[in-house]
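Asks: Submitted below is the structure of interest, expressed as structure tokens.
The values are calculated or read from the model by the stated rules, or taken from the named source; none is laboratory data. Keep in mind the model is a prediction, meaning the values are calculated, not measured. Every residue, glycine among them, receives a Cβ derived from its backbone with ideal geometry; neighbour counts consider all protein chains shown. Ligands, DNA and RNA are stripped out before the accessible areas are found, and what is left, the full protein with its side chains, is counted by its heavy atoms. Shrake-Rupley method; radii C 1.70, N 1.55, O 1.52, S 1.80 Å.
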There are 2 protein chains.
Amino acid sequence: MLAHSPNGLMIRKLESIFPLSDEERQVLSELPIQVTAFRPDQDIVRVGDHPFQCCLVLQGFTCVYKLTAEGKRQIVAFHVPGDIPDLQSLHLKVMDNSVATVSPCTLGFIPHETLHDICNRYPRITAAFWRETLVDASIFREWMTGIGRREAYNRMAHLLCELKVRLEAVGLVEDGTFDLPITQAELADAVGASTVHVNRVLQELRADGLIRSKGTQVSILDWAGLKAAGDFDPLYLHRRRDGNA
Amino acid sequence: MLAHSPNGLMIRKLESIFPLSDEERQVLSELPIQVTAFRPDQDIVRVGDHPFQCCLVLQGFTCVYKLTAEGKRQIVAFHVPGDIPDLQSLHLKVMDNSVATVSPCTLGFIPHETLHDICNRYPRITAAFWRETLVDASIFREWMTGIGRREAYNRMAHLLCELKVRLEAVGLVEDGTFDLPITQAELADAVGASTVHVNRVLQELRADGLIRSKGTQVSILDWAGLKAAGDFDPLYLHRRRDGNA
DNA sequence: CGCTCCCTTGATCGTTCTCAAGGCCCGTGG
DNA sequence: CCACGGGCCTTGAGAACGATCAAGGGAGCG
């Protein structure tokens, strides 16, 4: 399996939540993917757009965000290599959110037509993509309960737990350490807090011995403690290895 | 079209977001649906369950909720007649949230097996159900940005706008008036606020001449004003009539 | 070497929570 | 018919989490 090719990455990610047959892997590995590099903070698609293709993250982090009338931003999701941030656009023709790069990114683009075609011929691939959008929705639910009912300290811990688990699925964590090229302002937009408060919360997490950070590298020092602080149960990520079918 | 039959209601709701052919309508109208009555505040499925069927709301309101370790509840969605609150369970075998009745309800149940069978034979019905789950996800995104970035007053206005539009799609609004059998405590769990604060916010909305309420009946007195207060743009509901494909 | 972006810190303000209690409506039972 | 009880709504007051405002410091880059 070409884990370093765009297709191999996508397959690896899909397989972390859905079992694929050899034939299905083969079909997916032959999908034409057009690769493009992006700088940080570039919009990929915007609210109101009618995309004709989906975007696969190959390197870097992207985010899905919405703006309020007052101009405040809420990041509703981060996406890491292997993810498809706008997979929904396959069936929702108008974007109700924007997608942007957070760090420098390499992105792959796949035309809707190609995806529709492959879905028509391989119902189980339809199911795999559908399932991927359902896991995204599950993450939305989890974030929402965090923002609505947990304090900022716990939300931040939760976010770090989630990113660690998701990055692990694509081999981007070593010894509890991973690269997190996300500014505190962006973390703030994600957890629904102010930049200042996020800064203080991160200091607390460090002071409590849960994490350490050096530049954009984050190390989890106390996984059990961080999970407890974040009230984190990976069930909602619906990974196959957690006993989810 | 039997708009009063369980199947007719489901079809009407689906058609508000997805165009169906005569044949597809026919197939859906023949789905066997087992109808059961529920009292208020009854769990229909719980976190950790492995459901073998999906639940269609026929009468009343249901909610999807999650609990934090501290026992706080976040309602992440309300569902009204025509909706399928646990459609996700078709592809996510373990429930990551619970579903409960809010008011007295009539619910219809459809085995997963039946749904999978129909999806295999009618790819466009697959697409319709997939799309329904995508619209649910879009609503999660919108709620999340509200909870994260809007104040309680605006969130409450937004929620009322959304319910009005969704109830309209199934013919449950007359002259801007609809039945809202949801307690203030439940509204609080949905907008991520305390019961006390929701009470005050509702008083403000009434004082501002935006709504009126009598018992469980809510009347929208100033639709434009309520939309403005809620920063409400129905785009995210992806109804066909809003120019969404 | 200076600019810009990001992180950090201090102080004040405010939305919202929590605690506590009183009132209303309505169904139940005597 | 009326007393009782239990939800649910309402109100008040104090506390807290977190926002906002303001400013300084560090690191990378041209």
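Asks: Tell me, yes or no, whether segment B:223-235 has at least one residue that is more than 11 Å from chain A (Cβ to nearest Cβ), out of contact with any Ser or Thr (no Cβ under 7 Å at 6 or more places or on another chain), surrounded by 15 or more Cβ atoms within 10 Å (Cβ to Cβ) and assigned to a loop (DSSP other than H, G, I, E, B). Before the answer, list the steps.
Replies: Start the filter on segment B:223-235 by keeping residues that are more than 11 Å from chain A (Cβ to nearest Cβ), which leaves B:223-226.
Applying the additional criterion that residues be out of contact with any Ser or Thr (no Cβ under 7 Å at 6 or more places or on another chain) yields B:223-226.
Checking the rest, the ones that are also surrounded by 15 or more Cβ atoms within 10 Å (Cβ to Cβ) come to B:225-226.
In the following step, the residues that additionally are assigned to a loop (DSSP other than H, G, I, E, B) were identified as none.
No, the conditions are met nowhere in segment B:223-235.
Asks: Here is a check on your reading of the model: is A:Ile139 at the interface with chain B (Cβ under 10 Å from one of its Cβ atoms) and either modelled with pLDDT under 95 or assigned to a helix (DSSP H, G or I) (or both)?
Replies: Values: at the interface with chain B (Cβ under 10 Å from one of its Cβ atoms): yes; either modelled with pLDDT under 95 or assigned to a helix (DSSP H, G or I) (or both): yes.
Yes: the conditions hold for A:Ile139.
Asks: Looking at segment A:6-40, which of the residues that are small (Gly, Ala, Ser) and closer than 20 Å to A:Phe61 by Cα is least open to solvent (accessible area, probe 1.4 Å)? First the steps, then the outcome.
Replies: Step one: list which residues in segment A:6-40 are small (Gly, Ala, Ser), which gives A:8, A:16, A:21, A:29, A:37.
Subsequent filtering for residues that are closer than 20 Å to A:Phe61 by Cα retains A:8, A:16, A:37.
Values: A:Gly8: 2, A:Ser16: 28, A:Ala37: 83 Å².
Only one residue fits best here, namely A:Gly8.
Asks: Let me ask you something else. Considering segment A:219-245 alone, what residues qualify as being touching a helix residue (DSSP H, G or I) at 6+ places or on another chain (Cβ under 7 Å) and more than 16 Å from DNA strand D (Cβ to nearest atom)?
Replies: Scanning segment A:219-245 gives A:Ile220, A:Leu226, A:Lys227, A:Phe232, A:Pro234, A:Leu235, A:Tyr236, A:Leu237, A:His238, A:Arg239, A:Arg240, A:Asp242.
Asks: With closer than 27 Å to A:Lys13 by Cβ and in contact with a strand residue (DSSP E or B) (Cβ under 9 Å, 6 or more places away or on another chain) as the only criterion, which of A:Val191, A:Val170, A:Val165 stands out? Step through it out loud before you land on a result.
Replies: Working: A:Val170 fails: in contact with a strand residue (DSSP E or B) (Cβ under 9 Å, 6 or more places away or on another chain); A:Val165 fails: in contact with a strand residue (DSSP E or B) (Cβ under 9 Å, 6 or more places away or on another chain).
Matching residue, one of A:Val191, A:Val170, A:Val165: A:Val191.
Asks: Taking the stated definitions as given, is B:Ala193 open to solvent by 30 Å² or more (accessible area, probe 1.4 Å) and aliphatic (A, V, I, L, M)? Before the answer, list the steps.
Replies: Numbers: open to solvent by 30 Å² or more (accessible area, probe 1.4 Å): no; aliphatic (A, V, I, L, M): yes.
It is false that B:Ala193 is open to solvent by 30 Å² or more (accessible area, probe 1.4 Å) and aliphatic (A, V, I, L, M).
Asks: In this structure, does A:Arg166 turn out to be more than 9 Å from chain B (Cβ to nearest Cβ) and at pLDDT below 95?
Replies: Details: more than 9 Å from chain B (Cβ to nearest Cβ): yes; at pLDDT below 95: no.
In short, no.
Asks: A:Phe52 fails exactly one of the following numbered conditions: (1) among the hydrophobic types (A, V, I, L, M, F, W, C); (2) within 8 Å of another protein chain (Cβ to nearest Cβ); (3) surrounded by fewer than 24 Cβ atoms within 10 Å (Cβ to Cβ). What is the number of that condition?
Replies: (2)
Asks: For segment B:82-98, does any single residue satisfy the condition of being over 19 Å from B:Asp43 (Cβ atoms) and either open to solvent by less than 20 Å² (accessible area, probe 1.4 Å) or among the hydroxyl-bearing types (Ser, Thr, Tyr) (or both)? Before you say what the answer is, go through the steps one by one.
Replies: Initially, segment B:82-98 is screened for residues over 19 Å from B:Asp43 (Cβ atoms), giving B:82, B:90-91.
Filter again for either open to solvent by less than 20 Å² (accessible area, probe 1.4 Å) or among the hydroxyl-bearing types (Ser, Thr, Tyr) (or both), leaving B:82, B:90.
Within segment B:82-98, one or more residues are over 19 Å from B:Asp43 (Cβ atoms) and either open to solvent by less than 20 Å² (accessible area, probe 1.4 Å) or among the hydroxyl-bearing types (Ser, Thr, Tyr) (or both).
Residue by residue, here is whether (1) part of a helix (DSSP H, G or I); (2) within 9 Å of chain B (Cβ to nearest Cβ) holds:
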| site | (1), (2) |
| --- | --- |
| A:Ile110 | no, no |
| A:Glu113 | yes, no |
| A:Cys119 | yes, yes |
| A:Ala127 | yes, yes |
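Asks: Look through segment A:177-201, keep the residues that are more than 18 Å from the chain's Cα centre (by Cα) and closer than 21 Å to B:Thr68 by Cβ, and return whichever of them is farthest from DNA strand C (Cβ to nearest atom).
Replies: A:Ala193
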